[in-house]
Amino acid sequence: MSRREAWLSAGAVFVLALAVRAVIASAIPYPVPEDTAYYVGVARNLVEGHGLVSDALWSYQTPPLTVPRAAFEIWLPLPTFIAALPMALFGPTFRAAQAGAVIIGAIVPVLAWRLAANVAGERGLPRGRARVLALGTGFVACVYGPLAVHGALPDSTMPFAALALAACTLMPRLLRDQSPVRSADPRLVGLGILLGLAALARNEAVWLAVTWAALAWWTSPRSLDRRARIRLVAVPAAAALACYAPWMVRDWLTFGSPLPGQALANALSVSGFDIFAWQDRPTLARYLAQGPAWLLGARVDGLQHNLLDVLLVPAIPAGPIGLAALWWQGRSRAIRPLLVLSVTTFAATTLAFPVSSEWGTFLHAAGPVHVLLLISCLLFLDASIARIGTWRGWTNPVAWLGPALVVATAVPVLAISMGSISGVGVSVRDRYEALDEQLRAAGIDPSAESPLIVDFPIWAAWSLRVPTLGLPDEDPSSVADLAHRFGAGLLVITGADHGRWPGVIGDGGPGAGCFAPLDLPGSATASPAGASSAGGPLADTGVYRILCR
């Protein structure tokens, strides 16, 4: 492939990906899911001069416990920095934040194209088939649901995917070009910078670093001595540390530790609601007390979620075909780093974070895995079509059939996914707009009652512009203690249930009398006479005044 053809191909893939993601972004009016609202909310505070601060305190594992509070006690800041750039230019709105996400998301299909082209070159495919495989992979990635939808959301998924794929593209070239007489390769520093930036996007960057260390030590040319292998590992490590070190210092000064200590608490969760724990916090003793059957069952559930809900069902047909063919197609050296990273990330999140994975831990780190499955799928289809053509004696090239088949089935799946997330965004936006309107109509200023205790505190903080606290799935006495600690005035439950809430209030018991329902029209706590808008945006929303402040 000539340099001119390569640039034209990459440009065509990028433009199509950009257009698709722009259309998807236009259909999503609100930052969903909640982690998206977190990154965008912090970016809004940053642009407005408040610093790296979150208005939502949703986890009580890491001191200092104040609200508003310093952001990113567990998550990482790169998505916020990306969102803040267009917000500074066009205003601190969600639409502006999406601009950065769309651009980063459009880079991922280009990297998928490059990886597929590298595989085609390694396998010595005929020029026509190689071109179709590479461009087909790029074009399919443009409309591949899990990549396209997250390409319109300002969260950590696409920044991590882009940096990880860039690193996995560079790794085979570095290994191929090393020799005993070669001086330190400056590209090793570039790899280290990619690793450091990936670490500023997601904690799973540690598996990216492990991938490089393992490949550099065990698969580099046999002619390299121990010192050369150490150099291969040490130079990127030093560059990555230099890139990440300022953030470690910030975390140390802010939270008392340079590392995200809450990761251990997440590993010990026995329920997704443990992220909101106030008094009944995750401990090793509590975790082990669940018993062997539960420990095994949690991992089975995590495996099922990560495999089916994250990788296969949203990625029909490429996901299932790619996984089935991976044993055969994954042996290419050009995608070996991607294979090692994918297997390591999948295994680590499934085994160490089975409960948290069901709440999105693996979902947001799965971008590289989706690209691996996509390449595996198209390699399988290319080989299958070539064999059928030989058997049937076809004379015209039909390698395009594989990508065309995947695109034809991926586009309807993408349309369904886009419609679903758009509907969620509209529903959540309307709910909080109606809540704010009804509270003010009742003479209640949310800011005067803040912080509010909410089941979805990040969404509430974004919409209502008030400090919020996450609702623990604990007894009313525990939530009353939380309210007393922070002076919270209102409890808002915007879903049909939040673990044992709101039903636990009606069950009585210690602390239940601290929560008095408010009669807001259309809400779940409205009197029959005031429930004129049953089925409206507040139909499942209950609002309670906290009496024990």
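Below are the figures for this structure:
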quantity	calculated
From Ala216, Ala240, Ala263, Ala198, residue being out of contact with any helix residue (DSSP H, G or I) (no Cβ under 8 Å at 6 or more places or on another chain) and either in contact (Cβ under 8 Å) with a residue 60 or more places away in the chain or assigned to a helix (DSSP H, G or I) (or both)	Ala263
Check on Ser384, modelled with pLDDT under 95, among the polar types (S, T, N, Q) and outside the structural domain of Gly121 (by TED's automatic domain parsing)	no
Residue in segment 273-293 that is farthest from the chain's Cα centre (by Cα), counting only those that are crowded, with 16+ Cβ neighbours inside 10 Å and assigned to a helix (DSSP H, G or I)	Tyr287
Residues satisfying the stated conditions in segment 463-503, i.e. modelled with pLDDT under 90 and either in a helix (DSSP H, G or I) or in the same structural domain as Val42 (by TED's automatic domain parsing) (or both)	Gly503
Residue check, Ile82 in contact (Cβ under 8 Å) with a residue 12 or more places away in the chain, closer than 20 Å to Phe14 by Cβ and hydrophobic (A, V, I, L, M, F, W, C)	yes
Filter result for the condition that a residue is under 20 Å from Pro317 (Cβ atoms), over 17 Å from the mean Cα position of the chain (by Cα) and surrounded by fewer than 17 Cβ atoms within 10 Å (Cβ to Cβ), over Val426, Val413, Val343, Val398	Val398
Residue check, Ala267 out of contact with any Gly (no Cβ under 8 Å at 6 or more places or on another chain), closer than 28 Å to Cys168 by Cα and among the small types (Gly, Ala, Ser)	yes
Those residues of segment 248-260 which are part of a loop (DSSP other than H, G, I, E, B) and among the polar types (S, T, N, Q), in sequence order	Ser257
Set Ser417, Ser447: member being hydroxyl-bearing (Ser, Thr, Tyr), free of Cβ contacts under 8 Å to residues at least 24 places away in the same chain and in a helix (DSSP H, G or I)	Ser447
Segment 146-176: number of residues that are closer than 30 Å to Tyr38 by Cα and part of a helix (DSSP H, G or I)	17
Filtered residues of segment 98-145 (kept if modelled with pLDDT under 95 and either outside any helix (DSSP H, G or I) or closer than 23 Å to His364 by Cβ (or both))	Gly124, Leu125, Pro126, Gly145
Subset of segment 42-72 (residues that are within 16 Å of Ser463 (Cα to Cα), part of a loop (DSSP other than H, G, I, E, B) and not acidic (Asp, Glu))	Trp58, Pro68
Residue tally, condition buried (at least 16 other Cβ atoms within 10 Å of the Cβ) and either over 22 Å from Ser417 (Cβ atoms) or of a type in the set (A, V, I, L, M, F, W, C) (or both), over segment 303-332	14
Scope segment 219-237; condition assigned to a helix (DSSP H, G or I) and without any contact (Cβ under 8 Å) to a residue 24 or more places away in the chain; matching residues	Arg226, Arg227, Arg229, Ile230, Val233, Ala234
Residue in segment 473-491 that is surrounded by fewer than 20 Cβ atoms within 10 Å (Cβ to Cβ) and aliphatic (A, V, I, L, M) present	no
Segment 212-226, residues that are more than 16 Å from Leu341 (Cβ to Cβ) and hydrophobic (A, V, I, L, M, F, W, C)	Leu224
Counted residues, segment 73-97 - those being in a loop (DSSP other than H, G, I, E, B) and either of a type in the set (Asp, Glu) or within 30 Å of Gly136 (Cβ to Cβ) (or both)	1
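The values are calculated or read from the model by the stated rules, or taken from the named source; none is laboratory data. Small disclaimer: the values here were computed from a predicted structure and weren't measured. All Cβ positions, glycine included, derive from the backbone under ideal geometry; neighbour counts span all protein chains shown.
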